[in-house]
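Below: the structure, in structure tokens.
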Amino acid sequence: MNNINRHATKMPLLSGTDVAAKRAELTLYFNQTWALYESLFDTINADEAYFIRPEPLRHPLIFYYGHTATFFINKLLLGKFIKARVDNHIESICAVGVDEMSWDDLNTEHYDWPTVSQVKDYRDTVKALINQLIEDMPLTLPIKPDSLAWLILMGIEHERIHVETSSVIMRMLPLHFLNNSLSQDNIWNACPYTEEAPTNAFVGIGATTVTLGKPAGDDTYGWDNEYGSKTVAVEQFNAGKYLVSNQEFMAFVEDRGYQTTQYWDEEGQNWLSFSQAIMPRFWVKRDGHYYQRNLLEEIKLPLNWPVEVNHLEAKAFCNWKSQLTSSHIRLPTEPEWTCLRNQLEQNLPDWAEAPGNINLEYFASPCPVDKFATGELFDVTGNVWQWTQSPFDGFSGFKVHPLYDDFSTPTFDGKHNLIKGGSWISTGNLAQQHSRYAFRRHFFQHAGFRYVQSDNSEAPIENVNCFEENPAVAEQLELHYCDFKESADLQNGLSTHKLPFALENYAVSCVNACLNHFEQPESCKVLDLGCSVGRTSFELATHFDHVDAIDFTARLIQHAFGLQEQGESRYTIKTEGEIMAFKDINITEHPYNDIKHKVNFSQGDACNLKPQYTGYDLILCNNQLEQMYNPELFLTTIDQRLNAQGYLVLTSCYDWPDESTNSKWLGGVKVNGENFTSLDGLKQLLADRFELIETRDIPFVLKHSARIYQLNNSQMSVWRLKAGG
């Protein structure tokens, strides 16, 4: 069993003057984090436990054991800081987590999980690699987002997130799979203090103005959603002195709160119907007595600990409390919660000792709600996360990090609510004042809530901005779903401007070209690589029986998924200067409603696909060769995923990126003084296994603004797998 110093988990500052000292600090922080994660998994006493799914909406624990190491490798490859993978199989199967979208494929038949010992060996190899990188990498101070040191911190903080999320899944495992006889000083010992809960009361909070957002010059690592700013005027309100305790919540349970539908909104009622819940997830009732499941043990329900529930349960309790007290009781908004947190000046890593049950400095469980005071309030940070009424969204100035574009943006959908304050197991970035995390409202974390009382029955919540603002994504949406045959509609009072060219939709053109080679496409299975925002996939599904659609970029594929599930996607695109056009795509305007179920969207790496992606009659790889970190690897292995006489269709403008060396280019170079084109390179790589059937040019337009268009000419080459190829 690894023993971890409770007070040795402070995150390093980005600044400094001594590079050698900072390098040593990063090495220490990385290895402490790695040991903490290993220590958590050391509590599992049987390999069998790694492969069961106590939470059916999450992967088994073997995924998470390998995932954090895989994350390092995938991001280092994406940033071109390393040149090769460590283990293709593990890095394929342990790459993408779950946020309950239909493209998160949780069919267990599709997963050939590695053994625990294989993952352990893989983790050991990755650990050695990262330590060597830290030792050898160039390091300048302060550490900035484009540096390798920032990426190392990203991987470290990502692993600390999974210390917390993995512990929630372990808390759902049968106890016999866990070591619960721990030494007195072990980090995973729970709080020993339980008794009756104090009576909750209100503390008045005066009207004020707060500014949200982590300052750009802050000296600690932050995730993309923390940056930017938003200034909000907050009206006077009353805040609960304590987090809601098990004892206070029990009154709701015993008043048949779970059975009284009027307390639950439509989403809550649907969850109740699905879950059949009658009490909090970690409560157990046996022989008329309540018990609570902690990480490694089950104890008599600690009445004075905070209750741990999802957002839907917390909101239903507030509705019940409102009716009971004839007042307006609700969850706080993010600005209101910030008013409470601002009363505590300390922040990790400044404190000498944590001002709350956080950073694993006290207990491996919640503790009494009246143990950690800040003025008149208790637990303004730590103990359990606190649900807010605020849906997750970015601040003004929000920008994604190019190496982790899918950390926050998939959750800006109005379906994820913000949690604040951290829990007993929150360390590193999670324990900081500006940390912002969000989960779907029916998910469980180590999360509870504090209620507020105000003059308003509804919290002053701004709608989530569901308009995609990223220009590159907007260009893809325009490319896929807008036609350039006649005119472009210039909005905001500007006139309609006729285009000097007429083009068929690019996705339609590509699919029509593919159809020329199939007499009975309705019986065929297709893989669409580089599916982007999905139009090509939907077009393929109108003709072919089944389409697996894969893209590496979550920010693109979330629009394809949104169109499939909700039928609508919104985005903004520049008209001119500061004038923006707000666009709406509705799938009902296209003939896809009846066939959209035939498409399976998934995030993935074309150079390292999961083993279930095989048996295709057609593989369409659309403008992806230039984006791949190893196009030659892709082309030398892709035939293994085709049926006999299957077709590989490639489209590309051969616009090889300058940042990659010529060794990764397939062509566009001089060989022995002669021109060697990309098509020459394709023939050289494919000719022994494929027959080249045809080539053709397919033009397409990227719209930058109302009057600026980029005309591109992609070459399509159609290859048929040779017999025995």
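Bear in mind these aren't lab numbers, they're just calculated from the coordinates by the rules spelled out. For clarity, every value in this text was computed on a predicted model and none was experimentally measured. Methodologically, a virtual Cβ is constructed for each residue, glycine included, from the backbone with ideal geometry; neighbour enumeration extends over all protein chains shown.
Here the gap between Asp255 and Glu38, fully extended at 0.36 nm per residue and compared with their Cα-Cα distance, gives a gain of 73.8 nm. Residue separation of Thr209 and Thr125 scaled by 0.36 nm, minus their Cα-Cα distance, works out to 25.2 nm of gained length.
Would you please name the GluC sites (Glu not before Pro) within region 348-401 that are DSSP coil residues with at most 14 other C-beta atoms within 10 Å of their C-beta? Write down the numbers at each step before the final one.
Details: sites: Glu353, Glu361, Glu376; in loops: Glu353, Glu361, Glu376.
Here the sparse-neighbourhood loop sites are Glu353, Glu376.
Using equal-weight Cα scatterers in the Debye expression, the normalised intensity of the chain in log10 at q = 0.07, 0.09, 0.10 Å⁻¹ is -0.54, -0.89, -1.08.
Helix-only estimate, please: 222 nm mean residue ellipticity of the chain, summing -39500 (n - 2.57) across DSSP H runs of length 4 or more and dividing by its residues, to the nearest 500. Kindly include the intermediate steps, with their values, before the conclusion.
Numbers: 15 runs with 189 residues, N = 725.
Computed mean residue ellipticity for the chain: -8000 deg cm²/dmol.
Within the shell of other residues whose beta carbon sits under 12 angstrom from the beta carbon of Ala352, the net charge comes to -2, with Lys and Arg scored +1 and Asp and Glu -1. Beta-bridge orientation, the chain: approximately 75 percent antiparallel, per DSSP, counting only bridges with both partners inside.
Work out the FRET efficiency for Thr614 and Thr572 from their Cβ-Cβ distance, taking R0 = 45 Å, and round it to the nearest 0.05. Display every interim value, and only then the final one.
On the way: r = 39 Å, r/R0 = 0.88.
After rounding to 0.05, the efficiency reads 0.70.
When the alpha-carbon atoms of region 19-177 are used, the pair Rg, Dmax equals 16.2, 49 angstrom. Seen from Ile205, the other residues with C-beta closer than 12 Å to its C-beta sum to a net charge of 0, counting Lys and Arg as +1 and Asp and Glu as -1.
Helix 506-515 and the longest principal axis of the Cα set of the chain meet at an angle near 60°. With the biggest extent put first, the Cα atoms of region 577-644 measure 46, 37, 17 Å across the principal axes.
Relative to the compact-globule estimate of 2.2 N^0.38 Å, the Cα radius of gyration of region 621-692 comes out at 1.12. Rounded to whole Å, give me the distance from the Cα center of region 33-55 to that of region 313-354. Rounded to whole Å, the Cα centres lie 32 Å apart.
Grab the beta carbon distance between Lys83 and Cys653, set R0 = 22 Å, and tell me the FRET efficiency rounded to 0.05. Write down the numbers at each step before the final one.
Working: r = 25 Å, r/R0 = 1.14.
Once the sixth-power term is evaluated, E becomes 0.30.
Alpha-carbon geometry of region 202-462: the Rg and the Dmax are 17.8, 57 Å, given in that order.
Can you give me the orientation-averaged projected area of the convex hull built on the Cα atoms of region 263-390, in nm²? Don't skip to the answer; put the middle values down first.
Numbers: hull surface 39.4 nm².
Value for region 263-390: 9.9 nm².
Taking 1 over the mean of 1/r across every pair of different Cα atoms in region 168-304, what Kirkwood radius in Å do you get? Mind showing how you got there, number by number?
Numbers: mean 1/r = 0.0517 Å⁻¹.
Computed over Cα pairs of region 168-304, the Kirkwood hydrodynamic radius comes out at 19.3 Å.
Any idea what angle helix 148-170 forms with the longest principal axis of the chain, computed on alpha-carbon atoms, 0 to 90 degrees, nearest 10? Helix 148-170 and the main axis of the chain meet at about 60 degrees. Put a dot 7 Å past the Cα of Phe202, heading toward its Cβ, do the same for Leu28, and the two dots end up 4.8 nm apart. Per-peptide packing, taken as the mean over residues of other Cβ atoms within 10 Å, places 58-68, 509-519 in the sequence 58-68, 509-519 from highest down. For region 588-725, the calculated P(r) over all alpha carbon pairs, in 10 Å bins from 0 to the bin holding the longest distance, is 10, 35, 35, 17, 3, 0 percent.
With both partners inside region 202-462, how many of the DSSP beta bridges are antiparallel, as a percent to the nearest 5? Intermediate results must be reported in sequence, preceding the final value.
Details: 32 of 35 bridges.
Counting only bridges with both partners in region 202-462, antiparallel ones make up about 90 percent.
Arrange the following residues from fewest to most other Cβ atoms within 10 Å of their Cβ: His289, His543.
Numbers: His289 9, His543 17.
By the 10 Å Cβ count, ascending, the order reads His289, His543.
Relative to the longest principal axis of the Cα atoms of the chain, helix 266-275 runs at roughly 90 degrees.
Ordering 592-604, 37-49, 198-210 by mean Cβ neighbour count within 10 Å, with the highest value first, yields 592-604, 37-49, 198-210.
At a Förster distance of 25 Å, what's the computed FRET efficiency of Glu266 paired with Leu57, Cβ-Cβ distance as r, to 0.05?
Working: r = 20 Å, r/R0 = 0.78.
The calculated FRET efficiency here is 0.80.
Specify the inter-centroid distance of region 697-712 and region 624-666, based on alpha-carbon positions, in whole Å. Here the two parts' Cα centres lie 24 Å apart.
Extension gain, Glu469 to Ala352: 0.36 nm times the residue separation minus the Cα-Cα distance gives 37.9 nm.
Taking every alpha-carbon pair in region 471-721 and binning the separations at 10 Å intervals from zero gives 7, 30, 35, 21, 7, 1 percent.
Around Thr374, under 10 Å between beta carbons, what's the net of Lys plus Arg minus Asp minus Glu among the other residues? Before the final figure, lay out the partial values.
Numbers: positive: Arg341; negative: Glu345, Glu376, Asp379.
Combined, the nearby Lys, Arg, Asp and Glu give -2.
Looking at region 525-624, the GluC sites (Glu not before Pro) that sit in a DSSP loop and have at most 11 other Cβ atoms within 10 Å of their own Cβ are Glu578.
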